[in-house]
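Scroll down for the structure; my scribbles are underneath it.
The values are calculated or read from the model by the stated rules, or taken from the named source; none is laboratory data. As the structure is a prediction and not an experimental result, all values here were calculated from the model. Quick reminder, even Gly has a Cβ in these numbers, built from the backbone with ideal geometry, and neighbours come from all protein chains shown.
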């Protein structure tokens, strides 16, 4: 039986940095010398190749064009490898993992995002464990077929569905959480995969790659004191097509006449507005309280228990497909890639 083949894709970020001992500055190391830098990879029973963005980026500079580049790399090499590990800066990793989950329809191979809080050359780095285990996960097979068939994120001993994650810490090694869906796998003495939680993509379906994202969108986080002028200015932005509205608790927002009328006018003008909770966990339940009933009545779409990261990327994806307003609502309130319950 041939060894699993894994393609590492380096976009940038802390995991691919080493410290220059003369200047103390962090710089990107040559991924062609990956095995020299991390000799432990030679112990893995798989063939590893690596490609890198021409100009690796800080993940703060990630955008829809670079997501398209990532999707293209996977599309180009899809038939040549058994799995893919994407090395990515942690700051926007949840956004990218969510975006790729929508871009890669019917993906039947593992696509595992990982990164680190400390550079690979640091004495206390978390990079080696994250990278080694991410590769192991991407190479898992059962009866000759990949165990994982979706876009995931691995960090600090846990594998999550990518579009269920959010970053919660800038300094702890356990930097991510999946507030509304359990971890798919946990790494300890043994690597334990909870198979009933995995997304059931069928291997016989043809991969479809969607690269058209519409970024004429905005996230508005509710806060006590948000005023009419500011809200009106945002919702009257020329070309605006979608709004992710982060509301309180289970989807609650002010009942002021000005607030409802501004949202209603935007919806009548064709702007898609999705309601998500700004709480770290839980779900929107419009109509449960009076303060969310009016949002439901004017046509605000429920995001249920979707994360903000998945909501904004799903919105860009659906707008890029140029679906009708009714189809947008139907698809947004449906689980396309396991992003909501």
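Before moving on, here are some points about what is shown:
- In this structure, residue 180 qualifies as surrounded by 13 or more Cβ atoms within 10 Å (Cβ to Cβ), at negative phi and either touching a residue at least 60 places away in the same chain (Cβ under 8 Å) or in the same structural domain as residue 102 (by TED's automatic domain parsing) (or both).
- Residue within segment 221-228 that is within 30 Å of residue 147 (Cβ to Cβ), out of contact with any strand residue (DSSP E or B) (no Cβ under 7 Å at 6 or more places or on another chain) and assigned to a helix (DSSP H, G or I) present: no
- Residue satisfying all of: in segment 222-251; over 17 Å from residue 286 (Cα atoms) and touching a residue at least 40 places away in the same chain (Cβ under 8 Å); nearest to the chain's Cα centre (by Cα) among these: 242
- Segment 134-145, residues that are modelled with pLDDT of 95 or more and outside any helix (DSSP H, G or I): 139, 140
- Residues in segment 129-146 include at least one that is touching a helix residue (DSSP H, G or I) at 6+ places or on another chain (Cβ under 9 Å), within 24 Å of residue 317 (Cβ to Cβ) and outside the structural domain of residue 318 (by TED's automatic domain parsing).
- Single condition residue 139 does not satisfy, out of (1) more than 19 Å from the chain's Cα centre (by Cα); (2) surrounded by fewer than 19 Cβ atoms within 10 Å (Cβ to Cβ): (2)
- Of all residues in segment 254-269, exactly one satisfies the criterion of being assigned to a loop (DSSP other than H, G, I, E, B) and either modelled with pLDDT of 95 or more or outside the structural domain of residue 280 (by TED's automatic domain parsing) (or both), namely 269.
- Condition met for residue 294 (at pLDDT below 95, touching a helix residue (DSSP H, G or I) at 6+ places or on another chain (Cβ under 7 Å) and in a helix (DSSP H, G or I)): yes
- Hits in segment 44-74 - residues which are touching a helix residue (DSSP H, G or I) at 6+ places or on another chain (Cβ under 9 Å), over 12 Å from residue 9 (Cα atoms) and not in a loop (DSSP other than H, G, I, E, B): 59, 64, 66, 67, 68
- The lone exception for residue 155 - which of (1) within 21 Å of residue 281 (Cα to Cα); (2) surrounded by fewer than 18 Cβ atoms within 10 Å (Cβ to Cβ); (3) in contact with a strand residue (DSSP E or B) (Cβ under 9 Å, 6 or more places away or on another chain) it fails: (2)
- Members of segment 222-235 that are surrounded by 12 or more Cβ atoms within 10 Å (Cβ to Cβ) and either in the same structural domain as residue 64 (by TED's automatic domain parsing) or out of contact with any helix residue (DSSP H, G or I) (no Cβ under 6 Å at 6 or more places or on another chain) (or both): 222, 226, 234
- Which listed residue, of 41, 131, 118, is over 20 Å from residue 213 (Cβ atoms) and part of a loop (DSSP other than H, G, I, E, B): 118
- Per-region count, segment 75-88, residues within 21 Å of residue 106 (Cβ to Cβ) and in a loop (DSSP other than H, G, I, E, B): 5
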